[in-house]
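Below is one structure, written out as structure tokens; the observations come after it.
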Amino acid sequence: MNAIYFSIALLLIFLLNKTGLHFLYFLIVFAVMFLSIWLWCLINVSWKGRIGDRIKMASLGSSFYLFVGLFFLYKFMNLKSSHPSNGFGLLLGVIVSFIACITCFLFTALEKKEKKV
């Protein structure tokens, strides 16, 4: 699901770039972020199983963002730029994807505690 949301966001940003509606970038990014967190909370609440299986599922789900972050980091480290600010987008991609990786893991791996009355 993470790869599908990421692909949809990239497609929408690409289409916005073609139409010239650049001010909607943040709306798309926040909408995809909200949908991702909502989906992770839904998975957390509906998961019935052992804690080991929950950790495996969270690791698998968040690994997509880890690989994306490592890809951006590789591109940033091998960037041959004529201007110092050319790598800003890649650095921002590294930071955002690592934050998404940690957030996805925490939202899906940690079990929701229910209060017993």
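The values are calculated or read from the model by the stated rules, or taken from the named source; none is laboratory data. Computed from a predicted structure; not experimentally measured. Note that each Cβ is placed from the backbone with ideal geometry, even for glycine, and that neighbours are counted across all protein chains shown.
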Looking at I95, is it of a type in the set (V, I, T), more than 16 Å from N2 (Cα to Cα) and more than 14 Å from the chain's Cα centre (by Cα)?
no
Out of the range 22-51, which residues are closer than 22 Å to G89 by Cβ, surrounded by 13 or more Cβ atoms within 10 Å (Cβ to Cβ) and more than 11 Å from the chain's Cα centre (by Cα)?
L24, Y25, I28, A31
Condition set surrounded by 10 or more Cβ atoms within 10 Å (Cβ to Cβ) and among the small types (G, A, S), scope the range 76-90, selection farthest from the chain's Cα centre (by Cα): answer is S81
Got a sec? Which of N44, N86 is within 12 Å of A109 (Cα to Cα) and assigned to a helix (DSSP H, G or I)?
N44
Consider I28 against the criteria (1) touching a Leu at 6+ places or on another chain (Cβ under 8 Å); (2) at pLDDT 90 or above; (3) β-branched (V, I, T): it satisfies all of them except one. Which criterion is unmet?
(2)
